[in-house]
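Let me begin by presenting the structure, written as structure tokens, before commenting on it.
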Amino acid sequence: MVWLHCYMPIHPLYGHEGVRNRLAGAFASGRLPQALLLEGPAGVGKQRLGLWLAQLLLCDAPVAGGREPCGACRSCRLVLSLSHPDLHWFVPIELGKRGGDADKQVELVETALGEEMAARREKPLYEPTSGLAGHAIASVRLLLRRLALTPAIGRRKVVIIGDAERLIPQQGQEAAANALLKVLEEPPADAQFVLTASEPEALLPTILSRVVRVRLARLPDTIVTAFVQKELSLAEQDIVKQRVRSADGIPGRVLAVTGDRPGADAAAGEFLGAARGAGVGSYELALRQMPFQARGGFTAMLDALLARLRAEARAAGTPSRKLTEAIARVFEAREQAQGNVNPQLLAAVLSDDLAGV
């Protein structure tokens, strides 16, 4: 007797019918671009749409004239359980330790990705990755290894690179993006690439020139309402309306409504304002940090701080040297917070670094 692992299937794809129809039509007619970039607000469903497209490409017997995955064949079931051997979903990861040589780093990345996929099988409605997570050069090396393999059970491999803008966590570290660029310049004939990005302009211009960009818009409230009612099992109308209103057309925001993200954003704004004021207020904020909170509220604040500074850099077009250095300092502080550094001391030093930015 063969025992099959039973995983919770990922939730259905909500909305984006127009984009789905265009992609399905291109696939059915043999005109689907080999490298796509799905772009749009964080949480709008870009990676879920990428998984739907992967299911269609890997389906054994597509229906509706080849425009829809059947949902019942072995390949469809494997995709929906994130277990298909020809589906390679790369997401930003945060390594707890770093290996010495390149092979060891690739092994660490593979283990971390495996753990993340296992977590998403158990909890398909996942929250955004941390600010420190990214696509390191070891992730791209792992991708290259998998591209060299022959498809296991289908005719093609599908590679999804979620949050592709994390290929460049800060200026001066473009190695991973350049390695991916070489793959996109001469992609294997049996591979389909789907990149997603909330900040597409953060990608190298040379990468943008080698993908077909597809924009995903916010969803109507009716679609978000259906998502809230079915996926979160909420029936109380007042609560449903509140969640839908706060989502503003982005289902992913619903998942963070009860979390600490609003508090982290507010704390980041307060910290940045005090640091730029270069007064005693910044040191008062530093002293408020709990000594043993480095993996909790403090790291959430640093994640929000990174998001704020990156948004300022995008708005500036060509960010100043001070702003670029500030992003690097926060990134370093976020990494140090994973160790045994006292958050109070770390916050005080970071405050000095951000003064005058």
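One residue stands out in the stretch 203-222 among those that are surrounded by fewer than 18 Cβ atoms within 10 Å (Cβ to Cβ) and part of a helix (DSSP H, G or I): the one that is farthest from the chain's Cα centre (by Cα), namely Thr222.
Considering only residues that are within 13 Å of Val79 (Cβ to Cβ), touching a strand residue (DSSP E or B) at 6+ places or on another chain (Cβ under 6 Å) and among the basic types (Lys, Arg), which ones fall in the stretch 43-63? Hits for the stretch 43-63: nothing passes. Taking only the stretch 145-161 into account, find how many residues are surrounded by 14 or more Cβ atoms within 10 Å (Cβ to Cβ) and not in a loop (DSSP other than H, G, I, E, B). Residues in the stretch 145-161 being surrounded by 14 or more Cβ atoms within 10 Å (Cβ to Cβ) and not in a loop (DSSP other than H, G, I, E, B): 7 in total. When Ala278, Ala294, Ala286, Ala300 are checked against the criterion of being among the hydrophobic types (A, V, I, L, M, F, W, C) and modelled with pLDDT of 70 or more, Ala300 stands alone in meeting it. Scanning the stretch 14-50 for residues that are of a type in the set (Val, Ile, Thr) and either more than 23 Å from Glu165 (Cβ to Cβ) or part of a helix (DSSP H, G or I) (or both) gives a single hit, Val19. Within the stretch 71-93, is even one residue under 25 Å from Tyr14 (Cβ atoms), surrounded by fewer than 16 Cβ atoms within 10 Å (Cβ to Cβ) and in contact with a strand residue (DSSP E or B) (Cβ under 9 Å, 6 or more places away or on another chain)? Yes; the residues of the stretch 71-93 include at least one that is under 25 Å from Tyr14 (Cβ atoms), surrounded by fewer than 16 Cβ atoms within 10 Å (Cβ to Cβ) and in contact with a strand residue (DSSP E or B) (Cβ under 9 Å, 6 or more places away or on another chain). Restricting the first member to the stretch 56-79 and to residues that are closer than 11 Å to Ala24 by Cα and in contact (Cβ under 8 Å) with a residue 60 or more places away in the chain, and the second to residues that are of a type in the set (Lys, Arg) and not in a helix (DSSP H, G or I), the beta-carbon pairs closer than 7 Å and six or more apart or on different chains are Leu57/Arg156.
In the stretch 127-138, the qualifying residues are those that are free of Cβ contacts under 8 Å to residues at least 60 places away in the same chain and either within 14 Å of the chain's Cα centre (by Cα) or outside the structural domain of Lys182 (by TED's automatic domain parsing) (or both), and the one that is nearest to Lys46 (Cα to Cα) is Thr129.
Among all residues of the stretch 58-68, there is at least one that is in contact with a Ser or Thr (Cβ under 7 Å, 6 or more places away or on another chain) and buried (at least 16 other Cβ atoms within 10 Å of the Cβ). Hey, any hits in the stretch 109-124 for a residue that's surrounded by 12 or more Cβ atoms within 10 Å (Cβ to Cβ) and in contact with a Gly (Cβ under 6 Å, 6 or more places away or on another chain)? There is no residue in the stretch 109-124 that is surrounded by 12 or more Cβ atoms within 10 Å (Cβ to Cβ) and in contact with a Gly (Cβ under 6 Å, 6 or more places away or on another chain).
Step by step: first the residues of the stretch 223-236, then only those that are polar (S, T, N, Q) and either surrounded by 13 or more Cβ atoms within 10 Å (Cβ to Cβ) or within 19 Å of Ala42 (Cα to Cα) (or both), then the one that is modelled with the highest pLDDT. Which residue is that?
Thr225
Could you tell me which of the residues Arg121, Arg166 is modelled with pLDDT of 85 or more, assigned to a helix (DSSP H, G or I) and touching a His at 6+ places or on another chain (Cβ under 7 Å)? The unique qualifying residue is Arg166. Against the definition (within 17 Å of the chain's Cα centre (by Cα) and assigned to a helix (DSSP H, G or I)), how does Glu115 come out, yes or no? It is true that Glu115 is within 17 Å of the chain's Cα centre (by Cα) and assigned to a helix (DSSP H, G or I).
Residue-level analysis places Leu95 among those that are at pLDDT below 95, among the aliphatic types (A, V, I, L, M) and under 29 Å from Ala177 (Cα atoms). Of all residue pairs spaced 6 or more apart or on separate chains, those with beta-carbon atoms under 6 Å, a first member in the stretch 30-45 that is within 15 Å of Gly249 (Cβ to Cβ) and a second member that is buried (at least 23 other Cβ atoms within 10 Å of the Cβ) are Gly40/Lys46.
The values are calculated or read from the model by the stated rules, or taken from the named source; none is laboratory data. Bear in mind that the values here come from a model prediction, so they are computed numbers and not experimental data. We place every Cβ from the backbone using ideal geometry, glycine too, and count neighbours over all the protein chains shown.
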